[in-house]
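See below for the structure under consideration.
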């Protein structure tokens, strides 16, 4: 793959029965997004791919659609950590063809075996299963670098294995348990909105999010109309671009009155902010003196005083005593349980 233009890249992939299309990279919402340069790219075949090659000879990116059309499923490892890649390959089977993306992440290629497109099927592992939708392929290039095969070559496309142990790569809660029973009036819109909110953080552009939305909509007992799915996806993507998408994100938000109250004691403000960002509403958590060194950069005496303040304000309550082997544990109080200072 010494060529530097889409026309030659397209011919290389076509020789291995992979229809491709040109891709450009644009910056949107401070992110580099991938945009196919042709319409209906999901339906493009080898003949059409060859016909457009000359028109987009200088395109900097090349892409193909995963799934039945290409015969390829891509295991998208969304991290530079090679240990995550190694774990994924050990779990799902070795692939002779592995690519590194321009951002230093990894794509392992497998033979398509009916997989769907799953964005973060396991919430604790930064991996997507691309059994459909756009995949940017080597040797696409952007300002930050280029896509390249680090193991194997296009000649290995004919010997790809299928993904094994796929169930181990899916969380039991990837979709709600009653997803397949949802119909009009049963909360489908809200369920899809929340699911897309989490997935949008790992999508490169609106088209990718919409592709995922349509795949998930098909799993409802009664799927929504396409126009409604598009509307939800556009709303989530706009919210994501504007920095308002907090689904699946850790952080801290304080009401104005509470913020003013805690501002009188900056150490308590800092401690509450860290605890609020790291612990959900139903969490049970320690507020141990050791946090003074590992989480908050002030001494244990200041931490102890800050802890006393947030307990006194009724923000947290102790649920178990300290023992020789375990620190005391706390939980958030409910708003109605809190004192006037916090309302």
Open item on the list: Order these by the 10 Å Cβ neighbour count, fewest first: 150, 84, 52, 62.
Closed with: 150, 84, 52, 62
- [ ] Between the alpha-carbon centers of segment 182-215 and segment 48-74, tell me the distance in whole angstrom.
- [x] 26
Open item on the list: Springs between alpha-carbon pairs under 10 angstrom, Gaussian network model over the chain: which of 101, 261, 73 fluctuates most?
Closed with: 261
Task: Using alpha-carbon coordinates, inclination of helix 82-92 to the longest axis of the chain, degrees - done: 70
Open item on the list: With a cut-off of 8 Å between alpha carbons and a minimum separation of six or more residues, what is the relative contact order of the chain in percent?
Closed with: 12
Task: Fewest-first ranking of 24, 222, using other Cβ atoms within 10 Å as the exposure measure - done: 222, 24
Task: Kirkwood Rh (inverse of mean 1/r, distinct Cα pairs), segment 234-325, angstrom - done: 14.9
TODO: Quick one: among 88, 270, 191, which has the greatest mean-square fluctuation in a GNM of the chain with alpha-carbon springs under 10 angstrom?
DONE: 270
TODO: Kindly identify segment 69-165 as rounded, prolate or oblate by the Cα gyration tensor criterion: order the square roots of the eigenvalues as a ≥ b ≥ c, call it rounded if a/c is under 1.5, otherwise compare a/b with b/c, prolate if a/b is larger, else oblate.
DONE: rounded
- [ ] Mind giving me the nanometre distance, one decimal, between the label points for residue 38 and residue 186, set 7 Å out from Cα along Cα→Cβ?
- [x] 4.0
Open item on the list: Output the 0 to 90 degree angle, nearest 10, between the alpha-carbon long axis of helix 266-278 and the longest principal axis computed from the alpha carbons of the chain.
Closed with: 40
TODO: Using a/c under 1.5 as the rounded threshold, could you call segment 179-241 rounded, prolate or oblate? The axes a ≥ b ≥ c are square roots of the C-alpha gyration tensor eigenvalues, and prolate needs a/b larger than b/c, oblate otherwise.
DONE: prolate
- [ ] Obtain the nm distance between the two label points defined at residue 331 and residue 289 by a simple spin-label model: each point lies 7 Å from its Cα along the Cα-to-C-beta direction.
- [x] 2.7
Open item on the list: Between 285, 106, 220, where does the largest GNM mean-square fluctuation fall for the chain, given springs only between Cα atoms within less than 10 Å?
Closed with: 285
Task: segment 48-123 shape via C-alpha gyration tensor axes, a/c threshold 1.5 - done: prolate
Open item on the list: At 7 Å along Cα-to-Cβ for each site, give me the label-to-label distance between residue 48 and residue 324 in nm.
Closed with: 7.3
Task: Between 0 and 90°, nearest 10: helix 206-217 axis offset from the chain longest Cα axis - done: 80
Open item on the list: On the principal axes of its Cα set, how long, how wide and how thick is segment 6-169? Give whole Å, largest value first.
Closed with: 43, 36, 26
Open item on the list: Ignoring solvent entirely, what values of log10 I(q)/I(0) come out of the Debye formula for the chain at 0.07, 0.10, 0.14 Å⁻¹ when each Cα is a single scatterer?
Closed with: -0.41, -0.75, -1.12
Open item on the list: Based on alpha-carbon centroids, what's the gap between segment 82-122 and segment 271-308 in Å, whole number please?
Closed with: 38
Task: FRET efficiency, 1/(1 + (r/R0)^6) with R0 51 Å, evaluated for residue 83 and residue 11 via beta carbons - done: 0.90
TODO: Subtract the Cα-Cα distance of residue 308 and residue 90 from 0.36 nm times their separation in residues, and report this length gain in nm to one decimal.
DONE: 73.6 nm
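No lab work stands behind these numbers, since they all come straight from the coordinates. What you see is a predicted model, and the numbers here were worked out from it, not measured in a lab. Here the Cβ is made from the backbone with ideal geometry for all residues, glycine too, and neighbour counts use every protein chain on show.
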